[in-house]
1. Can you say whether LEU241 is under 27 Å from ARG347 (Cβ atoms) and in a strand (DSSP E or B), as far as the supplied structure shows?
2. LEU296 passes all but one of (1) closer than 18 Å to GLN328 by Cβ; (2) in the same structural domain as ARG201 (by TED's automatic domain parsing); which number fails?
3. Residues that are of a type outside the set (Gly, Ala, Ser) and within 24 Å of VAL204 (Cβ to Cβ): find the helices (runs of 4 or more DSSP H) completely inside the range 244-362 holding 3 or more of those.
4. Answer with yes or no whether GLU184 is more than 30 Å from LEU336 (Cα to Cα) and in the same structural domain as THR85 (by TED's automatic domain parsing).
5. Before we move on, is LEU72 surrounded by 22 or more Cβ atoms within 10 Å (Cβ to Cβ) and under 20 Å from ILE131 (Cβ atoms)?
6. Can you tell which of ARG132, ARG138, ARG111, ARG177 is under 23 Å from the mean Cα position of the chain (by Cα) and in the same structural domain as PRO223 (by TED's automatic domain parsing)?
Amino acid sequence: MPDTMPTDMQVAEGCYMIGRRNPDSVLQCNTYLRTFHGGGTDFHWCVDPGSLMDYSTIRTNLLNRIGEFAALNLVSMNHQDPDVTGNLLNFTRENPKLTGLIAEDAWRLVRHLNAIPKELWFANKVENRSIRLPGGQRLQMVPTPFCHFRGAVAFYDPESQILFSGDLFGGLNSPGRIQLYAQEDDWPGIAQFHQIYMPTREVVARAVRLTRTLDPPVKIIAPQHGFVLTGEIMHEFLNRLERLPMGIDMLPDALDERYHKLYAEVFQETIGEVSRWLGASEVRSILQHLPRDHELANYIRISGNEIHLERNGIRALPLLMDVVALGQGPAFREMLKDRILRHCLERGVPLPQMGVGVEETGAEPPGYWLG
(Lines give C-alpha, C1' and ligand atoms only; values in the text may rest on other atoms or scores of the structure.)
Protein backbone atom coordinates (compact mmCIF):
# COMPACT_ATOMS: atom_id res chain seq x y z
CA MET A 1 0.00 0.00 0.00
CA PRO A 2 1.50 3.40 -0.95
CA ASP A 3 1.77 6.26 1.51
CA THR A 4 -1.34 8.43 1.51
CA MET A 5 0.03 11.43 3.40
CA PRO A 6 2.20 14.34 2.16
CA THR A 7 5.88 13.57 1.73
CA ASP A 8 6.65 15.76 4.72
CA MET A 9 4.49 17.50 7.32
CA GLN A 10 4.94 20.88 8.99
CA VAL A 11 5.12 20.71 12.78
CA ALA A 12 5.67 24.44 13.24
CA GLU A 13 7.35 27.33 11.48
CA GLY A 14 10.80 26.09 10.41
CA CYS A 15 10.18 22.51 11.59
CA TYR A 16 9.09 19.53 9.50
CA MET A 17 8.53 15.86 10.14
CA ILE A 18 10.47 14.35 7.23
CA GLY A 19 10.13 10.67 8.08
CA ARG A 20 7.88 8.20 6.33
CA ARG A 21 4.23 8.02 7.42
CA ASN A 22 3.59 4.38 6.60
CA PRO A 23 -0.09 3.32 6.64
CA ASP A 24 0.93 -0.35 6.86
CA SER A 25 2.98 0.14 10.02
CA VAL A 26 1.88 0.41 13.64
CA LEU A 27 5.16 2.08 14.66
CA GLN A 28 5.78 5.35 12.84
CA CYS A 29 9.41 6.48 13.06
CA ASN A 30 9.54 10.27 13.12
CA THR A 31 12.58 12.15 11.84
CA TYR A 32 12.47 15.94 12.15
CA LEU A 33 14.23 18.78 10.35
CA ARG A 34 14.54 22.09 12.19
CA THR A 35 15.89 25.10 10.29
CA PHE A 36 17.07 28.23 12.12
CA HIS A 37 17.41 31.56 10.33
CA GLY A 38 19.77 34.32 11.35
CA GLY A 39 23.45 35.02 11.67
CA GLY A 40 23.79 35.48 7.92
CA THR A 41 23.06 31.82 7.09
CA ASP A 42 20.55 29.08 7.76
CA PHE A 43 21.36 26.33 10.22
CA HIS A 44 19.85 22.89 9.59
CA TRP A 45 19.41 20.35 12.38
CA CYS A 46 18.10 16.80 11.90
CA VAL A 47 16.55 15.15 14.97
CA ASP A 48 16.89 11.34 15.02
CA PRO A 49 18.05 10.23 11.53
CA GLY A 50 15.64 7.30 11.63
CA SER A 51 15.22 3.75 10.41
CA LEU A 52 17.24 2.38 7.53
CA MET A 53 13.95 1.08 6.08
CA ASP A 54 12.79 4.68 5.64
CA TYR A 55 16.00 6.16 4.27
CA SER A 56 14.76 6.80 0.73
CA THR A 57 11.82 8.88 1.96
CA ILE A 58 13.89 10.71 4.58
CA ARG A 59 16.61 11.53 2.07
CA THR A 60 14.12 12.83 -0.49
CA ASN A 61 12.30 14.98 2.05
CA LEU A 62 15.55 16.31 3.49
CA LEU A 63 16.96 17.32 0.11
CA ASN A 64 13.66 18.90 -0.91
CA ARG A 65 14.03 21.17 2.11
CA ILE A 66 17.75 22.00 2.18
CA GLY A 67 18.92 21.30 -1.37
CA GLU A 68 22.00 19.21 -0.63
CA PHE A 69 23.32 17.00 2.16
CA ALA A 70 26.31 19.29 2.63
CA ALA A 71 23.91 21.93 3.98
CA LEU A 72 22.98 19.76 6.97
CA ASN A 73 24.89 21.02 10.01
CA LEU A 74 23.86 18.84 12.94
CA VAL A 75 22.25 15.47 13.62
CA SER A 76 21.12 14.61 17.15
CA MET A 77 20.14 11.20 18.51
CA ASN A 78 18.04 10.54 21.61
CA HIS A 79 19.44 7.04 22.17
CA GLN A 80 21.01 4.16 20.27
CA ASP A 81 18.13 2.03 18.90
CA PRO A 82 18.24 1.20 15.17
CA ASP A 83 14.94 2.96 14.47
CA VAL A 84 16.59 6.15 15.80
CA THR A 85 20.17 5.84 14.49
CA GLY A 86 19.93 3.41 11.57
CA ASN A 87 20.62 6.10 8.95
CA LEU A 88 23.63 7.66 10.64
CA LEU A 89 26.08 5.79 8.42
CA ASN A 90 24.28 7.04 5.30
CA PHE A 91 24.22 10.57 6.69
CA THR A 92 27.96 10.62 7.40
CA ARG A 93 28.77 9.13 4.01
CA GLU A 94 26.73 11.81 2.24
CA ASN A 95 28.06 14.58 4.45
CA PRO A 96 31.54 13.84 5.84
CA LYS A 97 31.52 17.21 7.65
CA LEU A 98 28.43 16.44 9.71
CA THR A 99 28.40 17.08 13.47
CA GLY A 100 26.72 14.55 15.79
CA LEU A 101 25.09 15.19 19.17
CA ILE A 102 24.34 12.29 21.53
CA ALA A 103 24.90 11.22 25.13
CA GLU A 104 28.12 9.37 25.84
CA ASP A 105 26.34 6.26 27.16
CA ALA A 106 24.36 5.95 23.93
CA TRP A 107 27.39 6.64 21.71
CA ARG A 108 29.22 3.71 23.28
CA LEU A 109 26.70 1.52 21.40
CA VAL A 110 26.06 3.68 18.31
CA ARG A 111 29.77 3.62 17.43
CA HIS A 112 29.28 -0.01 16.37
CA LEU A 113 27.51 1.29 13.28
CA ASN A 114 30.99 2.39 12.18
CA ALA A 115 29.56 5.83 11.42
CA ILE A 116 31.68 8.62 12.88
CA PRO A 117 30.67 12.25 12.31
CA LYS A 118 33.50 14.71 11.72
CA GLU A 119 32.74 16.24 15.11
CA LEU A 120 31.00 14.43 17.93
CA TRP A 121 29.55 16.20 20.94
CA PHE A 122 28.38 14.45 24.07
CA ALA A 123 25.11 15.96 25.25
CA ASN A 124 25.80 14.97 28.85
CA LYS A 125 29.04 17.00 28.84
CA VAL A 126 27.71 20.23 27.36
CA GLU A 127 28.34 23.07 29.80
CA ASN A 128 25.13 24.41 31.33
CA ARG A 129 23.26 21.88 29.16
CA SER A 130 22.91 24.49 26.41
CA ILE A 131 24.41 24.96 22.95
CA ARG A 132 24.43 28.33 21.23
CA LEU A 133 24.00 28.20 17.46
CA PRO A 134 25.76 30.57 15.03
CA GLY A 135 22.57 32.64 14.67
CA GLY A 136 22.30 33.14 18.43
CA GLN A 137 19.58 30.55 19.07
CA ARG A 138 20.04 27.92 21.78
CA LEU A 139 19.42 24.20 22.05
CA GLN A 140 18.82 22.87 25.53
CA MET A 141 19.80 19.37 26.62
CA VAL A 142 17.07 17.64 28.68
CA PRO A 143 18.35 14.37 30.18
CA THR A 144 15.54 11.80 30.50
CA PRO A 145 17.37 8.83 32.06
CA PHE A 146 15.80 5.38 31.60
CA CYS A 147 13.12 6.76 29.25
CA HIS A 148 13.75 4.22 27.99
CA PHE A 149 17.57 4.09 28.00
CA ARG A 150 19.91 5.27 30.75
CA GLY A 151 21.54 7.81 28.43
CA ALA A 152 18.39 9.10 26.71
CA VAL A 153 18.44 12.86 26.09
CA ALA A 154 15.59 15.02 24.83
CA PHE A 155 16.37 18.30 23.09
CA TYR A 156 14.44 21.51 23.68
CA ASP A 157 14.24 24.36 21.20
CA PRO A 158 13.15 27.42 23.21
CA GLU A 159 12.58 29.50 20.06
CA SER A 160 9.83 27.25 18.69
CA GLN A 161 9.02 25.81 22.13
CA ILE A 162 9.28 22.29 20.74
CA LEU A 163 10.58 19.43 22.88
CA PHE A 164 12.05 16.63 20.75
CA SER A 165 11.51 13.81 23.22
CA GLY A 166 12.68 10.60 21.52
CA ASP A 167 10.76 7.49 22.62
CA LEU A 168 9.37 9.36 25.62
CA PHE A 169 5.76 10.48 24.98
CA GLY A 170 5.68 8.39 21.79
CA GLY A 171 3.07 5.84 20.86
CA LEU A 172 1.89 3.00 18.68
CA ASN A 173 -0.83 3.58 16.11
CA SER A 174 -3.59 1.54 14.56
CA PRO A 175 -2.79 0.62 10.92
CA GLY A 176 -3.71 3.45 8.59
CA ARG A 177 -3.81 6.03 11.38
CA ILE A 178 -0.93 8.27 10.33
CA GLN A 179 -2.01 11.86 10.91
CA LEU A 180 0.62 14.17 12.40
CA TYR A 181 -1.07 15.33 15.63
CA ALA A 182 -2.38 13.14 18.44
CA GLN A 183 -6.10 12.82 19.09
CA GLU A 184 -8.01 11.25 21.98
CA ASP A 185 -8.35 7.97 20.08
CA ASP A 186 -4.54 7.68 20.06
CA TRP A 187 -4.25 7.37 23.84
CA PRO A 188 -4.43 3.54 23.96
CA GLY A 189 -1.42 3.27 21.64
CA ILE A 190 0.54 5.82 23.68
CA ALA A 191 -0.31 4.05 26.94
CA GLN A 192 0.63 0.63 25.58
CA PHE A 193 3.90 1.92 24.13
CA HIS A 194 4.95 3.22 27.54
CA GLN A 195 3.75 0.11 29.34
CA ILE A 196 5.89 -2.02 27.01
CA TYR A 197 9.04 0.07 26.65
CA MET A 198 9.40 2.22 29.77
CA PRO A 199 10.87 0.49 32.85
CA THR A 200 8.66 2.06 35.52
CA ARG A 201 6.19 4.89 36.09
CA GLU A 202 8.65 6.68 38.37
CA VAL A 203 11.11 7.60 35.62
CA VAL A 204 8.36 8.82 33.29
CA ALA A 205 6.73 10.86 36.07
CA ARG A 206 10.11 12.48 36.71
CA ALA A 207 10.42 13.33 33.00
CA VAL A 208 6.90 14.79 32.98
CA ARG A 209 7.78 17.03 35.94
CA LEU A 210 10.98 18.12 34.22
CA THR A 211 9.09 18.91 31.01
CA ARG A 212 6.77 21.21 32.94
CA THR A 213 9.72 23.22 34.29
CA LEU A 214 11.16 24.14 30.89
CA ASP A 215 11.24 27.87 30.21
CA PRO A 216 9.60 29.13 28.08
CA PRO A 217 6.85 26.53 28.53
CA VAL A 218 6.69 23.67 26.05
CA LYS A 219 4.03 24.18 23.36
CA ILE A 220 4.76 21.11 21.24
CA ILE A 221 6.17 17.67 22.05
CA ALA A 222 7.62 15.91 19.00
CA PRO A 223 8.36 12.25 19.86
CA GLN A 224 10.21 9.75 17.72
CA HIS A 225 7.18 7.48 17.42
CA GLY A 226 3.51 8.07 16.89
CA PHE A 227 2.04 11.55 17.03
CA VAL A 228 2.99 15.12 17.85
CA LEU A 229 1.39 16.45 21.06
CA THR A 230 0.17 20.02 21.46
CA GLY A 231 -2.54 22.05 23.16
CA GLU A 232 -4.88 20.66 25.79
CA ILE A 233 -4.39 17.07 24.69
CA MET A 234 -0.66 17.40 25.38
CA HIS A 235 -1.33 18.46 28.98
CA GLU A 236 -4.00 15.79 29.43
CA PHE A 237 -1.76 12.99 28.14
CA LEU A 238 1.12 14.17 30.35
CA ASN A 239 -1.21 13.98 33.34
CA ARG A 240 -2.23 10.44 32.42
CA LEU A 241 1.33 9.28 31.80
CA GLU A 242 2.40 10.63 35.17
CA ARG A 243 -0.02 8.18 36.81
CA LEU A 244 0.17 5.25 34.38
CA PRO A 245 1.67 1.97 35.64
CA MET A 246 4.29 0.68 33.22
CA GLY A 247 7.19 -1.73 33.00
CA ILE A 248 7.96 -3.34 36.33
CA ASP A 249 4.85 -1.70 37.85
CA MET A 250 2.80 -4.14 35.79
CA LEU A 251 3.99 -7.43 37.24
CA PRO A 252 0.87 -9.61 37.53
CA ASP A 253 0.94 -9.95 41.32
CA ALA A 254 1.01 -6.18 41.82
CA LEU A 255 -1.76 -5.61 39.29
CA ASP A 256 -3.98 -8.34 40.73
CA GLU A 257 -3.69 -6.88 44.19
CA ARG A 258 -4.84 -3.46 43.02
CA TYR A 259 -7.02 -4.02 39.96
CA HIS A 260 -8.43 -7.57 40.01
CA LYS A 261 -12.00 -6.54 40.77
CA LEU A 262 -12.03 -4.03 37.90
CA TYR A 263 -10.47 -6.46 35.43
CA ALA A 264 -13.07 -9.03 36.50
CA GLU A 265 -15.79 -6.51 35.65
CA VAL A 266 -14.28 -5.92 32.21
CA PHE A 267 -14.00 -9.69 31.70
CA GLN A 268 -17.68 -10.22 32.58
CA GLU A 269 -18.81 -7.38 30.31
CA THR A 270 -16.76 -8.83 27.47
CA ILE A 271 -18.12 -12.34 28.00
CA GLY A 272 -21.64 -10.89 27.97
CA GLU A 273 -21.08 -8.99 24.73
CA VAL A 274 -19.43 -11.88 22.94
CA SER A 275 -22.21 -14.21 24.13
CA ARG A 276 -24.79 -11.91 22.55
CA TRP A 277 -22.86 -11.90 19.28
CA LEU A 278 -21.86 -15.57 19.04
CA GLY A 279 -24.23 -17.24 21.49
CA ALA A 280 -23.62 -18.09 25.13
CA SER A 281 -23.31 -21.83 24.49
CA GLU A 282 -20.73 -21.25 21.75
CA VAL A 283 -18.58 -19.03 23.98
CA ARG A 284 -18.81 -21.46 26.87
CA SER A 285 -17.88 -24.36 24.57
CA ILE A 286 -14.83 -22.50 23.23
CA LEU A 287 -13.54 -21.87 26.74
CA GLN A 288 -14.41 -25.32 28.12
CA HIS A 289 -12.47 -26.99 25.33
CA LEU A 290 -9.28 -25.01 25.66
CA PRO A 291 -6.24 -27.30 25.69
CA ARG A 292 -5.17 -28.04 29.25
CA ASP A 293 -1.87 -26.24 28.71
CA HIS A 294 -3.47 -23.14 27.17
CA GLU A 295 -2.44 -20.06 29.16
CA LEU A 296 -5.97 -18.70 29.44
CA ALA A 297 -7.13 -21.91 31.14
CA ASN A 298 -4.90 -20.98 34.08
CA TYR A 299 -6.66 -17.65 34.59
CA ILE A 300 -10.37 -18.54 34.41
CA ARG A 301 -12.80 -20.86 36.18
CA ILE A 302 -15.96 -22.32 34.60
CA SER A 303 -18.74 -23.32 36.95
CA GLY A 304 -21.93 -24.45 35.25
CA ASN A 305 -22.98 -21.58 33.00
CA GLU A 306 -20.72 -19.10 34.78
CA ILE A 307 -17.27 -18.07 33.59
CA HIS A 308 -15.09 -16.27 36.14
CA LEU A 309 -11.77 -14.46 35.94
CA GLU A 310 -9.51 -15.76 38.72
CA ARG A 311 -6.30 -13.79 38.15
CA ASN A 312 -3.97 -11.93 35.76
CA GLY A 313 -6.70 -9.92 34.04
CA ILE A 314 -4.29 -7.82 32.01
CA ARG A 315 -3.06 -10.97 30.30
CA ALA A 316 -6.37 -12.88 30.28
CA LEU A 317 -8.26 -10.22 28.29
CA PRO A 318 -6.10 -10.33 25.14
CA LEU A 319 -6.05 -14.15 25.36
CA LEU A 320 -9.86 -14.14 25.56
CA MET A 321 -9.98 -11.95 22.47
CA ASP A 322 -7.67 -14.33 20.61
CA VAL A 323 -9.67 -17.49 21.30
CA VAL A 324 -13.19 -16.13 20.74
CA ALA A 325 -12.24 -14.10 17.64
CA LEU A 326 -10.54 -17.04 15.95
CA GLY A 327 -12.11 -17.52 12.54
CA GLN A 328 -14.46 -14.54 12.94
CA GLY A 329 -12.55 -12.18 10.64
CA PRO A 330 -10.54 -8.99 11.24
CA ALA A 331 -13.60 -6.71 11.62
CA PHE A 332 -14.91 -8.77 14.54
CA ARG A 333 -11.49 -8.86 16.19
CA GLU A 334 -11.06 -5.09 15.81
CA MET A 335 -14.52 -4.45 17.27
CA LEU A 336 -13.81 -6.72 20.24
CA LYS A 337 -10.42 -5.11 20.86
CA ASP A 338 -12.01 -1.64 20.87
CA ARG A 339 -14.70 -2.77 23.33
CA ILE A 340 -12.18 -4.25 25.76
CA LEU A 341 -9.94 -1.18 25.62
CA ARG A 342 -12.91 1.13 26.14
CA HIS A 343 -14.08 -0.86 29.16
CA CYS A 344 -10.57 -0.64 30.63
CA LEU A 345 -10.34 3.10 29.95
CA GLU A 346 -13.69 3.69 31.64
CA ARG A 347 -12.34 2.06 34.80
CA GLY A 348 -8.89 3.62 34.67
CA VAL A 349 -7.02 0.30 34.71
CA PRO A 350 -3.73 -0.34 32.88
CA LEU A 351 -4.46 -1.28 29.28
CA PRO A 352 -3.80 -4.85 28.14
CA GLN A 353 -1.73 -5.43 25.02
CA MET A 354 -4.45 -6.01 22.46
CA GLY A 355 -2.40 -6.42 19.30
CA VAL A 356 -1.54 -2.74 18.80
CA GLY A 357 2.11 -2.67 17.86
CA VAL A 358 2.32 -6.16 16.40
CA GLU A 359 2.50 -6.04 12.62
CA GLU A 360 1.47 -8.92 10.56
CA THR A 361 3.66 -9.87 8.34
CA GLY A 362 33.30 13.20 23.20
CA ALA A 363 34.64 16.30 21.81
CA GLU A 364 33.59 19.74 23.00
CA PRO A 365 31.72 21.97 20.51
CA PRO A 366 33.43 25.12 19.23
CA GLY A 367 33.32 28.00 21.68
CA TYR A 368 30.88 30.12 19.67
CA TRP A 369 28.35 27.29 19.79
CA LEU A 370 28.59 26.91 23.53
CA GLY A 371 28.30 30.59 24.34
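1. no
2. The one condition LEU296 does not meet is (2).
3. It comes to 252-278, 313-325, 330-347.
4. In short, no.
5. Criteria met by LEU72.
6. That would be ARG177, the only listed residue that is under 23 Å from the mean Cα position of the chain (by Cα) and in the same structural domain as PRO223 (by TED's automatic domain parsing).
For every residue, the table says whether it meets (1) surrounded by fewer than 21 Cβ atoms within 10 Å (Cβ to Cβ); (2) touching a strand residue (DSSP E or B) at 6+ places or on another chain (Cβ under 9 Å).
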| site | (1), (2) |
| --- | --- |
| VAL84 | no, yes |
| PHE91 | no, yes |
| LYS97 | yes, yes |
| LEU113 | yes, no |
| LEU139 | no, yes |
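Results for (1) assigned by TED's automatic domain parsing to the domain that holds LEU133; (2) over 18 Å from ASN95 (Cβ atoms); (3) surrounded by fewer than 23 Cβ atoms within 10 Å (Cβ to Cβ), shown as yes or no for each residue.
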site	(1), (2), (3)
VAL26	yes, yes, yes
TYR32	yes, no, no
THR35	yes, no, yes
GLY38	yes, yes, yes
ASP42	yes, no, yes
CYS46	yes, no, no
PRO49	yes, no, no
ILE58	yes, no, no
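The values are calculated or read from the model by the stated rules, or taken from the named source; none is laboratory data. In this text the structure is predicted, and so the values were computed from the model without any measurement. Reconstructed Cβ throughout: ideal geometry from the backbone, glycine too, with neighbour counts over all protein chains shown.
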